[in-house]
Amino acid sequence: MALDPLADIPIPAEIARLPKADIHIHAEWSPRLDRVLAKRQGRKPYDWRAWARWLMQTEAPGGDRLQHLSKPFPELFEADKRGDNFIARIVDIFEESAADGSILAEIRPGKDMAERPECLELIKAAAQKLRARYPRFQAAVIPFIYLQQDEDILEPLVKRYERWGKDGLIFGADLFNQPYETEADWTGAYRIADRLASAGLGITAHVAENSPVNIPAALKLPGLKRLGHATQAGYHPHLLEQVAASGVTVEVALSCNVILGAVPSYETHPIRRFVEAGVPITLCTDDPVQMSTTIGREYALAHHLGFSKADLLDFTRNALRVAFVSEDMRKGLTAELQRE
């Protein structure tokens, strides 16, 4: 019997203790802020588990469900403009990850990063709050860049991220190109990736979550280190071979893939095919609030699918190897993993 996508998964003690790394977490500003403010105000937060069940029952798998992601706004952007609220929700991301044994959480702000240049300092302040309780925990941040924005919005952002990359403030960027499920034009994506890579940034890109198109094009991105999802490549041997030959790492988000319908179930997810083909993979939460998951739950799910403790440590090792962090931070995190 297939596992319920939204089931509470017991995390065995030996899995809970493992050092973990989550290098694909969207900031989910409104869902996170709602969680923080609900706790502060003594009320119940938005019921994302019920929302996900509704989504799975009413919308077709794949693109139809994806269109609903991040559509409910339980809190408005006006409340997020307060610096203390911003820091509190970032702390919530980091604390949830660190409590599950994560030694690295790499988050991807979108609108919240694009519209407030001071966000890096606020995120650093949030990370500093966590280290008092979780000394081995480290945080990283990369911008999520929606390439279909108007040029008068996109160009200033790219210039800012180029500058931040040269200054060593960020070490990577996430590119999202459209159309997502049919063949896209990657000309502009190549140009932007080349600029960012020249500024010292590593590149990851969302691709082939629901459709096998765009994998060959995405693999040509300058500076490409990782692919977000690439789920459908696991079902097509020729694409799987291309991904393996490229040496890129695939960011696997089991719960997100099942709930949004990229795959029918955890048991049919191509994660095993990636590993057997020699593709390095990492375990990630993607949108943990909306998917009602945590990084500990994702590791427990992989363990449920038959991956050993050694395999799970390899997934953490893969994440640290391609994380968009400074080399000093990478060495420190790797040493932490080696102690395990």
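All of the numbers you see were taken from the coordinates with simple rules; none came from a lab. Note that the coordinates shown come from a computational prediction; the quantities given were computed from them, not determined experimentally. Don't worry about glycine lacking a Cβ; one is built from the backbone with ideal geometry, like all the others, and counts go over all protein chains shown.
List of remarks:
- Taking 28 Å as the straight-line reach from the Cα of K225, the lysines in range (excluding those fewer than 8 positions away in the same chain) are K20, K111, K124, K159, K166, K309, K331.
- In the elastic network of the chain, a GNM with C-alpha springs shorter than 10 Å, the most mobile of L66, L254, L201 is L66.
- Averaged over residues, the count of other Cβ atoms within 10 Å places the peptides 138-149, 35-46 in the sequence 138-149, 35-46, highest first.
- Förster radius 25 Å - calculated FRET efficiency between Q67 and D8, Cβ distance, rounded to 0.05: 0.35
- Cα gyration tensor shape of the range 212-340, rounded if a/c is under 1.5, else prolate or oblate by comparing a/b with b/c: oblate
- For the chain, built as a Gaussian network whose Cα springs stay under 10 Å, the top-fluctuating residue of I90, I271, I153: I153
- In a DSSP loop and with at most 12 other Cβ atoms within 10 Å, the trypsin sites (Lys or Arg not before Pro) in the range 119-217 are R133.
- Neighbour-limited loop hits for GluC sites (Glu not before Pro), the range 99-201 (at most 16 other Cβ within 10 Å; DSSP other than H, G, I, E, B): E115, E118, E183
- Partners for K220 among aspartates and glutamates (Cα-Cα distance below 16 Å; same-chain residues under 8 apart left out): D174, E183, D185, D194, E241
- A straight chain from E241 to R82 at 0.36 nm per residue would run longer than the Cα-Cα distance by 52.5 nm.
- Estimated FRET transfer efficiency (D167, A132; beta-carbon r; R0 30 Å; 0.05): 0.65
- Three-way shape label, the range 59-116, alpha-carbon gyration tensor, a/c 1.5: oblate
- Integer Hz, Karplus 6.51/-1.76/1.60 couplings in order for the range 201-209, x for Gly and Pro: 8, x, 10, 10, 8, 6, 6, 6, 6
- For the range 273-333 versus the range 60-135, the inter-centroid distance based on Cα atoms is 19 Å.
- Global geometry of the range 171-211, whether rounded, prolate or oblate, following the gyration tensor of its Cα atoms and the 1.5 cut on a/c: oblate
- Amide H to amide H distances under 5 Å link Q138 with L104, A105, where only residues 5 or more positions off or on other chains count and H is placed in the peptide plane.
- Only the Cβ atoms of Lys and Arg (+1) and of Asp and Glu (-1) were treated as charged; on that basis the dipole of the range 30-339 about its Cα centre amounts to roughly 1040 debye.
- The range 220-260: trypsin sites (Lys or Arg not before Pro) falling in loop per DSSP and having at most 13 other Cβ within 10 Å: K220
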